[in-house]
Amino acid sequence: MLFRIPRLYDSHTHFLATGELASGLNLQSLKSAEDITNWDLSKESFRRGDWIVGFGWHDSQWSSAPHKDLLDKLFPNKPVYLAKGDGHASWVNSAALKELGLTSETGILTETVHLQSWDRLPKFTPSQQKNNILAGCKVYNNAGFTHVRDMTGSESLWNSLTELEGENRLTVALEENFTCYDLQGFEDAMKLALYAKKHETALLRSRGIKFFYDGSLGSETAYLSKPYHGLPNGPRGKVLWNLSDVEVMIKRTWEAGLEISVHVIGDEAAHDIVALARKISAQGFVGRLNLEHVQVLRPETIQMMKPLHVRCHMQPCHWLSDRVWLKEKLRDLYRYVFPWGALQAAQIPISFGCDSPVEPPSFVANQKALEESAKDRIRAFTGSIEQTHAHPDAQYAPNSYSLIEEGVVKEVVFCGKSLL
């Protein structure tokens, strides 16, 4: 099958982290916690200042849990920060905990503590950051993408991107969202988003504010309406924000003419945010709401979306990774999982992405997930994957398209220039 996709768009990614993984310490093949002792972690590209930083480990098949004691034996004095592949936890040593001013018996940081700690790591040098950006461009171009929506913007990233565009070295069109973890951080994110909005270029756009409302299904921190594994009175996940604070943030973001993007994976998390957005809209506030992931979504929540200016950004490729445990973990809620078919039927706009570096950017993987999930009780998506994977603005970095034939990227043209 041949696809010709204009402006092939990854609508949810962590762009700089993708470049960092491509040029830095990739832990995706780590087979056990103890296996870290066999790795050479001394390379300069693995460093951020004096820290050793890596990404990608998964412990679901490990015989023993990761622990700080193992890293302490290897690096008693040098701080080590190893982010988990789902982006919701990190494995650190005692030296890192000391630098961060934290305590932990295990050295495993999760959710908000993990995310805030990630933001406190030493900054890359300007040359390192530019190299990571260019590595990210290469990853996306090789996968066929010309347009990217980044969920982890920063001032230094924006400035480096602007410089690279001025040097004619940027080979993707980037939309930036600025993340916050509390109201104080929201103030900083708002300033950055507004500054970037005033300094947009042909290839760089500022979209707005992004925050995490719940966690992940893999770590069982996504917020569900029923307990995990069907256990009576069992855990249902967690929320990371007080809804009164979320209300303040949404109102102010919409008043500023910016978009608000919310990480919601569990069905109850999505219901909370949609119900709040309807309340705010009824008060006369109007703006764009982006729901990120929505991996579990009840029909009544979808119906509540209809009066809102809402778009759901979904990553079908996550189904390929999660399908082995979804039914057992979600039980009765499985019927609401990956609801792209229900959203399509309700005429709620959808954009597809890949959530790199959690999953590699791949139009082909998303196509495969849509085909195979329909055989496993997931309501089929019958729309056009080319349209859902294309950037909706034909005037944004025009004359860009990708040819993909039988799962192979054959041609990528960006603003009229061939990249492959």
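Among (1) touching an Asp or Glu at 6+ places or on another chain (Cβ under 7 Å); (2) over 24 Å from P227 (Cβ atoms), there is one condition R298 misses while meeting the rest; what is its number?
Condition (2) is where R298 drops out.
Just a yes or no: is a residue in segment 54-61 hydrophobic (A, V, I, L, M, F, W, C) and part of a strand (DSSP E or B)?
yes
State all residues of segment 25-54 that are closer than 16 Å to P66 by Cα, over 24 Å from the mean Cα position of the chain (by Cα) and surrounded by 14 or more Cβ atoms within 10 Å (Cβ to Cβ); if no residue qualifies, say none.
S32, A33, I36, W39
For K198, only one of the following conditions fails: (1) of a type in the set (K, R); (2) over 17 Å from A17 (Cα atoms); (3) touching a strand residue (DSSP E or B) at 6+ places or on another chain (Cβ under 7 Å). What is its number?
(3)
Inside segment 367-382, can you point out the residues that are in a helix (DSSP H, G or I), surrounded by 13 or more Cβ atoms within 10 Å (Cβ to Cβ) and not small (G, A, S)?
Residues satisfying the conditions are Q367, K368, L370, E371, E372, D376.
Here is a yes/no grid of residues against (1) touching a residue at least 40 places away in the same chain (Cβ under 8 Å); (2) closer than 25 Å to Y140 by Cα; (3) assigned by TED's automatic domain parsing to the domain that holds L97:
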{"position": "L21", "(1), (2), (3)": "yes, yes, yes"}
{"position": "K31", "(1), (2), (3)": "no, no, yes"}
{"position": "T37", "(1), (2), (3)": "no, no, yes"}
{"position": "S42", "(1), (2), (3)": "no, no, yes"}
{"position": "F46", "(1), (2), (3)": "no, yes, yes"}
{"position": "D50", "(1), (2), (3)": "yes, no, yes"}
{"position": "G56", "(1), (2), (3)": "yes, yes, yes"}
{"position": "S60", "(1), (2), (3)": "yes, no, yes"}
{"position": "P66", "(1), (2), (3)": "yes, no, yes"}
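Is it true that T171 is assigned to a helix (DSSP H, G or I), of a type in the set (S, T, Y) and in the same structural domain as F352 (by TED's automatic domain parsing)?
Answer is no for this residue.
Take the residues of segment 104-138 that are of a type in the set (A, V, I, L, M, F, W, C) and under 16 Å from the mean Cα position of the chain (by Cα): which is surrounded by the fewest Cβ atoms within 10 Å (Cβ to Cβ)?
Among those that are of a type in the set (A, V, I, L, M, F, W, C) and under 16 Å from the mean Cα position of the chain (by Cα), it is W118.
Against the condition surrounded by fewer than 18 Cβ atoms within 10 Å (Cβ to Cβ), not in a strand (DSSP E or B) and not aliphatic (A, V, I, L, M), how does E200 come out, does it pass?
When the stated conditions are applied, E200 passes them.
With the requirement that a residue be closer than 14 Å to S45 by Cβ and small (G, A, S), what does segment 96-135 give you?
Listed by number, the residues that qualify are S127, A135.
Quick one: which residue in L70, L82 is within 19 Å of K123 (Cβ to Cβ) and at pLDDT 90 or above?
Unique residue meeting the criteria: L82.
The values are calculated or read from the model by the stated rules, or taken from the named source; none is laboratory data. All figures in this text were calculated on a predicted structure; none of them were measured in a lab. Neighbour counts are summed over all protein chains in view; Cβ atoms, including those assigned to glycine, are modelled from backbone coordinates with ideal geometry.
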